[in-house]
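See structure below.
Each reported figure results from applying straightforward, stated rules to the coordinates on display, with no laboratory input. All values reported here derive from a predicted model rather than from experimental measurement. All Cβ positions, glycine included, derive from the backbone under ideal geometry; neighbour counts span all protein chains shown.
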Amino acid sequence: MRCALILRPLLAAFLVAIWCVPARGAGEAAPATMVVEALHEALLSVMREADSLGFEGRFEKLEDPIDRAFDHERMIRVASGPFWRKATDEEKRDLLSAFRLLSVSTYAARFKSYKGQRFEILETRPGPQETALVSTRIVSPEGDPVEIVYVMKESDGQWRVADVLLENSISELAVRRSEYRSILKRSGVSGLIATLNEKSEDLREDAN
């Protein structure tokens, strides 16, 4: 509860930032739901083969589905804020690459076993500033369901995930934004790139 209370101001600030990033009209919500369904299918496929695939195999199988589902450029742009705008083209390219690497590595590390879990899509509803909110949950025979809301943004005719809300209130990207800004103020863009790459390597090593 204390964690949620601390994170609410971060979430509010993040939502203002991400919802104010220009995008085309929201249109129909069905394509947004289809993006999440495709992601869930890829995750389940990897979970069922997790042991035989190992970390490297899971990483390779998840790269394309995660690239299609997540708007990594929008996410890192929001997370780094004014530092992104001041960065050189090379720094932006390297920061985006490091952020994407960590995203795929995190999913490859998290979804490492299958014990009868299933994903359920509960509803898709319009959100503020032409977003679509896809409410889902992970149901496991061994524990309580975990609720996840995907914040979807449409750009150039493609719906993609712009954030993930855990327990309907904790924004993963808001947490990263707070963490990243601290690193950026201390070590600059190069420092954040190094930190993200180190985290990806730690996930890889811990899984092997």
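Any number yet on Rg/Rh for the chain, C-alpha, Kirkwood?
Details: Rg = 16.9 Å, Rh = 17.8 Å.
Looking at the chain, the ratio lands at 0.95.
Look at the dipole of region 27-207 built from charges on Cβ: of 46, 119, 99, the Cα furthest out on the positive end belongs to 99. Shown in residue order for region 66-82 are the 3J(HN,Hα) couplings computed by the Karplus curve 6.51 cos²θ - 1.76 cosθ + 1.60 at θ = phi - 60°: 6, 4, 6, 8, 10, 8, 4, 5, 4, 5, 6, 5, 5, 5, 9, x, x Hz (x for Gly and Pro). On the basis of the beta-carbon distance and an R0 of 25 Å, residue 190 and residue 115 show a calculated FRET efficiency of 0.05. From helices alone, the chain scores -21000 deg cm²/dmol at 222 nm; the rule is -39500 (n - 2.57) for each run of n ≥ 4 DSSP H residues, then divide by the residue total.
Qualifying chymotrypsin sites (Phe, Trp or Tyr not before Pro) in region 123-198, where qualification requires a DSSP coil assignment and no more than 16 other C-beta atoms within 10 Å, are lacking entirely. Largest GNM mean-square fluctuation across 93, 177, 48, computed for the chain with C-alpha springs under 10 Å, falls on 93.
Which entries in 92/185; 86/199; 112/199; 61/86; 86/153; 92/153 show an alpha-carbon gap greater than 27 Å? Before the final figure, lay out each step's value.
Numbers: 92/185 16 Å; 86/199 24 Å; 112/199 18 Å; 61/86 34 Å; 86/153 24 Å; 92/153 21 Å.
Correct reply: 61/86.
Residues of region 169-200 with the amide nitrogen closer than 12 Å to a label point 7 Å from the Cα of residue 206, along Cα-to-Cβ, please. Residues 199-200 qualify, since their backbone N sits under 12 Å from the label point. Segment residue 147..residue 51, full-extension length gain: 32.0 nm, with 0.36 nm per residue of separation and the alpha-carbon distance subtracted.
Assuming charge only on the beta carbon of Lys and Arg (+1) and of Asp and Glu (-1), the dipole of the chain about its Cα centre is about 780 debye to the nearest 20.
Amide H contacts under 5 Å for residue 136: 122, 148, 149, 150, restricted to partners 5 or more places along the chain or on a different chain, H placed in the peptide plane at 1.01 Å from N.
Based on Cα contacts under 8 Å between residues 6+ apart, region 68-208 shows a relative contact order of 27 percent. Largest GNM mean-square fluctuation among 94, 67, 156, using the chain with Cα springs under 10 Å: 156. Qualifying GluC sites (Glu not before Pro) in region 123-183, where qualification requires a DSSP coil assignment and no more than 15 other C-beta atoms within 10 Å, comprise 142, 167.
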